[in-house]
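Only one structure is covered here, and it is reproduced in the block below.
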Amino acid sequence: MNLKHLHYFWSVARTGSVAAAAERLSLTPQTVSAQIKLLEDALGTPLFQPAGRGLQLTEAGRLALGYVDEIFALSDALKTNLSRQQGAPSVPFRVGISDAVPKNIAYRILAPVTAQGATRQQSGSVRLICHEGKLDQLLAELALHRLDMVVADRPLPSDVRVRGFNHKLGESDVAFFATPSLAKLCKKFPACLEQIALLMPGEDSSMRSRLEQWLETQRLAPRVVGEFDDGALMKAFGQAGCGIFPAAAVNSHEVETQYGVKEIGRTSAVREAFYAITGERRITHPAVLMVTEAARESLFSN
(Lines give C-alpha, C1' and ligand atoms only; values in the text may rest on other atoms or scores of the structure.)
Protein backbone atom coordinates (compact mmCIF):
# COMPACT_ATOMS: atom_id res chain seq x y z
CA MET A 1 0.00 0.00 0.00
CA ASN A 2 1.39 3.41 -0.98
CA LEU A 3 0.22 6.97 -1.59
CA LYS A 4 -0.45 6.18 -5.25
CA HIS A 5 -2.96 3.48 -4.28
CA LEU A 6 -4.59 5.87 -1.82
CA HIS A 7 -4.79 8.63 -4.44
CA TYR A 8 -6.55 6.33 -6.91
CA PHE A 9 -8.94 5.18 -4.18
CA TRP A 10 -9.65 8.79 -3.19
CA SER A 11 -10.34 9.78 -6.83
CA VAL A 12 -12.81 6.93 -7.35
CA ALA A 13 -14.53 7.71 -4.04
CA ARG A 14 -14.98 11.36 -4.97
CA THR A 15 -16.08 10.85 -8.58
CA GLY A 16 -18.24 7.78 -7.94
CA SER A 17 -16.87 5.68 -10.80
CA VAL A 18 -13.67 4.15 -12.10
CA ALA A 19 -14.18 5.67 -15.56
CA ALA A 20 -14.55 9.24 -14.23
CA ALA A 21 -11.54 8.81 -11.95
CA ALA A 22 -9.46 7.38 -14.80
CA GLU A 23 -10.32 10.34 -17.02
CA ARG A 24 -9.31 12.78 -14.30
CA LEU A 25 -6.06 10.90 -13.66
CA SER A 26 -5.30 10.48 -17.40
CA LEU A 27 -5.12 6.70 -16.97
CA THR A 28 -7.04 3.73 -18.35
CA PRO A 29 -9.93 2.35 -16.27
CA GLN A 30 -8.12 -1.01 -16.20
CA THR A 31 -5.10 0.57 -14.51
CA VAL A 32 -7.25 2.29 -11.87
CA SER A 33 -9.25 -0.89 -11.20
CA ALA A 34 -6.07 -2.91 -10.79
CA GLN A 35 -4.64 -0.42 -8.29
CA ILE A 36 -7.88 -0.38 -6.29
CA LYS A 37 -7.83 -4.20 -6.22
CA LEU A 38 -4.26 -4.14 -4.87
CA LEU A 39 -5.34 -1.76 -2.12
CA GLU A 40 -8.35 -3.90 -1.20
CA ASP A 41 -6.11 -6.99 -1.08
CA ALA A 42 -3.67 -5.17 1.18
CA LEU A 43 -6.46 -4.08 3.53
CA GLY A 44 -8.28 -7.40 3.33
CA THR A 45 -11.72 -5.92 2.66
CA PRO A 46 -13.76 -4.50 -0.25
CA LEU A 47 -13.87 -0.71 -0.36
CA PHE A 48 -16.55 -0.27 -3.04
CA GLN A 49 -19.81 -1.88 -4.06
CA PRO A 50 -21.88 -1.43 -7.23
CA ALA A 51 -24.48 1.36 -7.21
CA GLY A 52 -26.38 1.78 -10.47
CA ARG A 53 -23.86 2.65 -13.15
CA GLY A 54 -21.22 3.65 -10.63
CA LEU A 55 -19.75 2.66 -7.32
CA GLN A 56 -20.40 3.59 -3.72
CA LEU A 57 -18.25 3.14 -0.66
CA THR A 58 -18.74 0.19 1.66
CA GLU A 59 -18.68 0.79 5.39
CA ALA A 60 -14.98 -0.07 5.35
CA GLY A 61 -14.52 2.29 2.41
CA ARG A 62 -16.11 5.21 4.28
CA LEU A 63 -13.83 4.54 7.23
CA ALA A 64 -10.81 4.35 4.93
CA LEU A 65 -11.74 7.60 3.19
CA GLY A 66 -11.62 9.47 6.48
CA TYR A 67 -8.09 8.27 7.13
CA VAL A 68 -7.03 9.03 3.56
CA ASP A 69 -8.28 12.62 3.87
CA GLU A 70 -6.18 13.06 7.00
CA ILE A 71 -3.15 11.40 5.40
CA PHE A 72 -3.29 13.83 2.47
CA ALA A 73 -3.77 16.77 4.85
CA LEU A 74 -0.69 15.72 6.83
CA SER A 75 1.23 15.24 3.59
CA ASP A 76 0.37 18.78 2.51
CA ALA A 77 1.37 20.13 5.92
CA LEU A 78 4.69 18.24 5.72
CA LYS A 79 5.51 19.77 2.34
CA THR A 80 4.50 23.23 3.54
CA ASN A 81 6.63 23.13 6.67
CA LEU A 82 9.66 21.64 4.93
CA SER A 83 9.48 24.17 2.11
CA ARG A 84 9.52 26.96 4.69
CA GLN A 85 12.61 25.57 6.36
CA GLN A 86 14.33 25.36 2.98
CA GLY A 87 13.67 29.02 2.27
CA ALA A 88 11.05 28.36 -0.38
CA PRO A 89 8.90 31.18 -1.80
CA SER A 90 5.56 32.06 -0.26
CA VAL A 91 3.24 29.16 0.55
CA PRO A 92 -0.29 29.48 -0.90
CA PHE A 93 -3.17 29.50 1.61
CA ARG A 94 -6.38 28.91 -0.36
CA VAL A 95 -9.53 30.04 1.42
CA GLY A 96 -13.14 29.83 0.30
CA ILE A 97 -15.44 32.51 1.73
CA SER A 98 -19.17 31.92 1.71
CA ASP A 99 -20.97 34.86 0.13
CA ALA A 100 -23.17 35.01 3.23
CA VAL A 101 -20.18 36.05 5.37
CA PRO A 102 -19.84 39.86 5.64
CA LYS A 103 -16.69 40.98 3.88
CA ASN A 104 -15.48 43.02 6.85
CA ILE A 105 -15.80 39.95 9.08
CA ALA A 106 -13.97 37.80 6.53
CA TYR A 107 -11.18 40.37 6.39
CA ARG A 108 -10.82 40.48 10.18
CA ILE A 109 -10.75 36.68 10.38
CA LEU A 110 -8.00 36.43 7.75
CA ALA A 111 -6.08 39.60 8.65
CA PRO A 112 -3.52 37.80 10.87
CA VAL A 113 -2.23 35.96 7.80
CA THR A 114 -1.63 39.12 5.76
CA ALA A 115 -0.23 40.95 8.80
CA GLN A 116 2.39 38.25 9.26
CA GLY A 117 3.25 38.32 5.56
CA ALA A 118 3.73 42.10 5.66
CA THR A 119 6.20 41.93 8.54
CA ARG A 120 8.22 38.97 7.27
CA GLN A 121 10.97 39.86 4.83
CA GLN A 122 12.37 36.36 4.45
CA SER A 123 11.00 33.76 2.07
CA GLY A 124 8.49 31.17 3.21
CA SER A 125 5.65 33.54 4.12
CA VAL A 126 2.00 32.76 3.41
CA ARG A 127 0.34 33.98 0.22
CA LEU A 128 -3.42 34.33 0.75
CA ILE A 129 -5.68 33.25 -2.13
CA CYS A 130 -9.39 33.96 -1.58
CA HIS A 131 -12.38 32.57 -3.49
CA GLU A 132 -15.96 33.70 -2.80
CA GLY A 133 -19.05 31.68 -3.68
CA LYS A 134 -22.00 29.61 -2.53
CA LEU A 135 -21.23 27.34 0.40
CA ASP A 136 -22.03 24.09 -1.44
CA GLN A 137 -19.68 25.03 -4.30
CA LEU A 138 -16.87 25.89 -1.91
CA LEU A 139 -17.32 22.63 0.01
CA ALA A 140 -16.97 20.70 -3.25
CA GLU A 141 -13.65 22.49 -3.86
CA LEU A 142 -12.58 21.67 -0.30
CA ALA A 143 -13.32 17.99 -0.90
CA LEU A 144 -11.02 18.07 -3.94
CA HIS A 145 -8.23 19.65 -1.86
CA ARG A 146 -8.40 22.81 -3.95
CA LEU A 147 -9.09 24.82 -0.79
CA ASP A 148 -7.42 24.64 2.60
CA MET A 149 -10.33 26.15 4.51
CA VAL A 150 -13.85 27.50 4.04
CA VAL A 151 -15.16 30.41 6.14
CA ALA A 152 -18.94 30.17 6.62
CA ASP A 153 -21.77 31.51 8.76
CA ARG A 154 -23.00 27.99 9.49
CA PRO A 155 -21.52 24.57 10.19
CA LEU A 156 -21.16 21.93 7.49
CA PRO A 157 -24.74 21.03 6.44
CA SER A 158 -25.72 17.50 7.41
CA ASP A 159 -27.19 16.78 3.97
CA VAL A 160 -23.96 17.61 2.10
CA ARG A 161 -21.98 14.51 1.17
CA VAL A 162 -18.60 16.07 1.82
CA ARG A 163 -16.19 15.00 4.52
CA GLY A 164 -15.33 18.06 6.56
CA PHE A 165 -14.93 19.26 10.10
CA ASN A 166 -16.33 22.36 11.79
CA HIS A 167 -14.09 24.63 13.85
CA LYS A 168 -16.21 27.33 15.47
CA LEU A 169 -14.49 30.70 15.44
CA GLY A 170 -17.00 32.56 17.58
CA GLU A 171 -20.34 34.33 17.53
CA SER A 172 -21.77 37.80 17.87
CA ASP A 173 -24.95 39.61 18.82
CA VAL A 174 -26.88 41.17 15.95
CA ALA A 175 -27.14 44.96 15.77
CA PHE A 176 -29.40 47.20 13.69
CA PHE A 177 -28.16 50.24 11.79
CA ALA A 178 -29.77 53.28 10.16
CA THR A 179 -28.80 56.59 8.59
CA PRO A 180 -28.69 59.49 11.10
CA SER A 181 -32.04 60.85 9.84
CA LEU A 182 -33.72 57.46 10.07
CA ALA A 183 -32.10 56.78 13.44
CA LYS A 184 -33.94 59.81 14.87
CA LEU A 185 -37.18 57.91 14.38
CA CYS A 186 -35.90 55.00 16.47
CA LYS A 187 -35.87 56.39 19.99
CA LYS A 188 -37.03 53.17 21.63
CA PHE A 189 -35.53 49.90 20.45
CA PRO A 190 -36.85 47.39 19.42
CA ALA A 191 -40.37 48.88 19.45
CA CYS A 192 -39.33 51.38 16.78
CA LEU A 193 -38.99 48.52 14.27
CA GLU A 194 -42.77 48.25 14.05
CA GLN A 195 -43.86 49.19 10.53
CA ILE A 196 -40.48 50.73 9.69
CA ALA A 197 -38.67 49.97 6.42
CA LEU A 198 -36.34 47.02 7.00
CA LEU A 199 -33.70 45.44 4.78
CA MET A 200 -33.17 41.72 5.34
CA PRO A 201 -30.44 39.23 4.42
CA GLY A 202 -31.41 36.64 1.80
CA GLU A 203 -32.54 33.13 2.49
CA ASP A 204 -28.98 31.79 2.13
CA SER A 205 -28.01 33.66 5.29
CA SER A 206 -28.25 31.70 8.54
CA MET A 207 -29.27 34.94 10.25
CA ARG A 208 -32.47 35.27 8.25
CA SER A 209 -34.66 32.66 9.96
CA ARG A 210 -33.48 33.66 13.45
CA LEU A 211 -34.32 37.30 12.74
CA GLU A 212 -37.80 36.38 11.60
CA GLN A 213 -38.37 34.28 14.73
CA TRP A 214 -37.14 37.08 16.96
CA LEU A 215 -39.39 39.66 15.30
CA GLU A 216 -42.32 37.32 15.74
CA THR A 217 -41.61 36.77 19.45
CA GLN A 218 -41.33 40.55 19.88
CA ARG A 219 -44.65 40.94 18.03
CA LEU A 220 -43.06 43.31 15.59
CA ALA A 221 -44.06 43.63 11.95
CA PRO A 222 -41.60 45.86 10.06
CA ARG A 223 -42.05 46.54 6.37
CA VAL A 224 -39.48 44.39 4.60
CA VAL A 225 -38.60 46.48 1.55
CA GLY A 226 -35.62 44.45 0.31
CA GLU A 227 -33.87 41.08 0.61
CA PHE A 228 -30.20 40.67 -0.30
CA ASP A 229 -27.92 37.68 -0.75
CA ASP A 230 -24.99 40.11 -0.83
CA GLY A 231 -24.54 41.73 2.59
CA ALA A 232 -22.46 44.57 1.13
CA LEU A 233 -25.28 45.45 -1.26
CA MET A 234 -27.78 45.43 1.63
CA LYS A 235 -25.56 47.87 3.54
CA ALA A 236 -25.24 50.10 0.47
CA PHE A 237 -29.04 50.36 0.28
CA GLY A 238 -29.08 51.08 4.00
CA GLN A 239 -26.46 53.78 3.52
CA ALA A 240 -28.77 55.38 0.94
CA GLY A 241 -31.56 55.55 3.54
CA CYS A 242 -33.75 52.81 2.07
CA GLY A 243 -34.25 51.15 5.44
CA ILE A 244 -32.77 49.80 8.65
CA PHE A 245 -30.49 46.78 8.26
CA PRO A 246 -28.97 44.16 10.60
CA ALA A 247 -25.31 43.16 10.90
CA ALA A 248 -23.03 41.36 13.33
CA ALA A 249 -22.48 43.59 16.37
CA VAL A 250 -18.81 42.57 16.55
CA ASN A 251 -18.39 44.63 13.38
CA SER A 252 -20.42 47.63 14.59
CA HIS A 253 -17.64 50.24 14.52
CA GLU A 254 -16.51 49.27 11.01
CA VAL A 255 -20.10 49.35 9.68
CA GLU A 256 -20.74 52.80 11.19
CA THR A 257 -17.47 54.17 9.83
CA GLN A 258 -17.69 52.68 6.34
CA TYR A 259 -21.37 53.36 5.65
CA GLY A 260 -22.00 56.54 7.66
CA VAL A 261 -24.78 54.94 9.71
CA LYS A 262 -25.54 54.61 13.43
CA GLU A 263 -26.28 51.57 15.54
CA ILE A 264 -29.81 51.97 16.95
CA GLY A 265 -29.81 48.82 19.08
CA ARG A 266 -28.78 45.20 19.32
CA THR A 267 -30.11 41.91 20.60
CA SER A 268 -28.38 38.90 22.11
CA ALA A 269 -31.44 36.79 21.28
CA VAL A 270 -30.18 36.59 17.70
CA ARG A 271 -26.58 35.43 17.39
CA GLU A 272 -24.54 35.12 14.22
CA ALA A 273 -21.85 32.43 14.35
CA PHE A 274 -18.85 31.92 12.10
CA TYR A 275 -16.99 28.72 11.30
CA ALA A 276 -13.82 27.51 9.66
CA ILE A 277 -14.54 24.26 7.80
CA THR A 278 -11.57 22.09 6.93
CA GLY A 279 -10.95 18.63 5.55
CA GLU A 280 -9.05 17.60 8.66
CA ARG A 281 -10.33 16.91 12.16
CA ARG A 282 -7.06 18.00 13.77
CA ILE A 283 -5.82 21.27 12.31
CA THR A 284 -2.25 21.00 11.05
CA HIS A 285 -2.08 23.75 8.42
CA PRO A 286 -0.13 26.61 10.09
CA ALA A 287 -2.23 29.37 8.50
CA VAL A 288 -5.50 27.71 9.55
CA LEU A 289 -4.15 27.43 13.08
CA MET A 290 -3.19 31.10 12.98
CA VAL A 291 -6.61 32.42 11.92
CA THR A 292 -8.65 30.13 14.19
CA GLU A 293 -6.61 30.98 17.27
CA ALA A 294 -6.64 34.72 16.51
CA ALA A 295 -10.41 34.76 15.93
CA ARG A 296 -11.12 33.01 19.22
CA GLU A 297 -8.63 35.01 21.27
CA SER A 298 -9.21 38.45 19.76
CA LEU A 299 -12.08 39.02 17.35
CA PHE A 300 -14.69 36.96 19.22
CA SER A 301 -13.08 36.98 22.67
CA ASN A 302 -16.10 38.68 24.25
Evaluation of VAL151 against (1) in the same structural domain as PHE237 (by TED's automatic domain parsing); (2) in a strand (DSSP E or B) (one fails), failing number: (1)
Taking the condition of being more than 13 Å from LEU55 (Cα to Cα) and touching a helix residue (DSSP H, G or I) at 6+ places or on another chain (Cβ under 9 Å), how many residues in the range 3-28 meet it? 12
Only one residue in ALA248, ALA232, ALA287 is in the same structural domain as MET200 (by TED's automatic domain parsing), surrounded by 20 or more Cβ atoms within 10 Å (Cβ to Cβ) and not β-branched (Val, Ile, Thr). Which one? ALA248
Restricting attention to the range 39-65, report how many residues are surrounded by 15 or more Cβ atoms within 10 Å (Cβ to Cβ) and either touching a Gly at 6+ places or on another chain (Cβ under 7 Å) or part of a helix (DSSP H, G or I) (or both). 10
Please identify the pairs in which a residue from the range 128-154 that is over 10 Å from ASP99 (Cβ atoms) has its Cβ atom under 7 Å from the Cβ atom of a residue that is among the basic types (Lys, Arg) and in a strand (DSSP E or B), counting only partners at least 6 apart or on another chain. ILE129/ARG94; ARG146/ARG94; LEU147/ARG94; ASP148/ARG94
So for the range 141-148 (the condition being within 17 Å of the chain's Cα centre (by Cα) and either in the same structural domain as ALA247 (by TED's automatic domain parsing) or closer than 25 Å to VAL224 by Cα (or both)), does at least one residue qualify? no
Would you call ILE129 closer than 15 Å to TYR275 by Cα, modelled with pLDDT of 90 or more and among the β-branched types (Val, Ile, Thr)? no
So, first residue in a helix (DSSP H, G or I) in the range 69-94, second residue at pLDDT below 70 and surrounded by 13 or more Cβ atoms within 10 Å (Cβ to Cβ), Cβ within less than 6 Å, six or more apart or across chains; the pairs are ARG84/GLY124
Selection from the range 251-268 of residues β-branched (Val, Ile, Thr) and either touching a Cys at 6+ places or on another chain (Cβ under 8 Å) or in the same structural domain as ILE105 (by TED's automatic domain parsing) (or both) yields ILE264
Scan the strands (runs of 3 or more DSSP E) fully inside the range 176-274 and keep the ones with 2 or more residues being in contact (Cβ under 8 Å) with a residue 40 or more places away in the chain, within 19 Å of TYR107 (Cβ to Cβ) and touching a helix residue (DSSP H, G or I) at 6+ places or on another chain (Cβ under 9 Å). 245-248
For SER26: the one exception among (1) over 25 Å from ARG94 (Cβ atoms); (2) surrounded by fewer than 13 Cβ atoms within 10 Å (Cβ to Cβ): (1)
Within the range 268-290, of all residues that are touching a Leu at 6+ places or on another chain (Cβ under 9 Å) and modelled with pLDDT of 90 or more, the one nearest to SER209 (Cα to Cα) is VAL270
Subset of the range 194-233 (residues that are over 30 Å from ILE97 (Cβ atoms) and either under 25 Å from the mean Cα position of the chain (by Cα) or not polar (S, T, N, Q) (or both)): GLU194, ILE196, GLU216, ARG219, LEU220, ALA221, ARG223
Residue under question is GLN258, and the condition is that it be of a type in the set (S, T, N, Q) and at pLDDT 95 or above; does it hold? no
VAL113: passes all of (1) in contact with a Leu (Cβ under 6 Å, 6 or more places away or on another chain); (2) of a type in the set (A, V, I, L, M); (3) over 30 Å from PRO201 (Cβ atoms) but (3)
With the condition kept exactly as written, say whether any residue in the range 154-163 is under 18 Å from ALA73 (Cα atoms) and either assigned by TED's automatic domain parsing to the domain that holds LEU289 or assigned to a loop (DSSP other than H, G, I, E, B) (or both). yes
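The values are calculated or read from the model by the stated rules, or taken from the named source; none is laboratory data. This one's a predicted model, so the numbers in the text were calculated from it and none came from an experiment. As a convention, Cβ positions derive from the backbone with ideal geometry for all residues, glycine included, and neighbour counts pool all protein chains shown.
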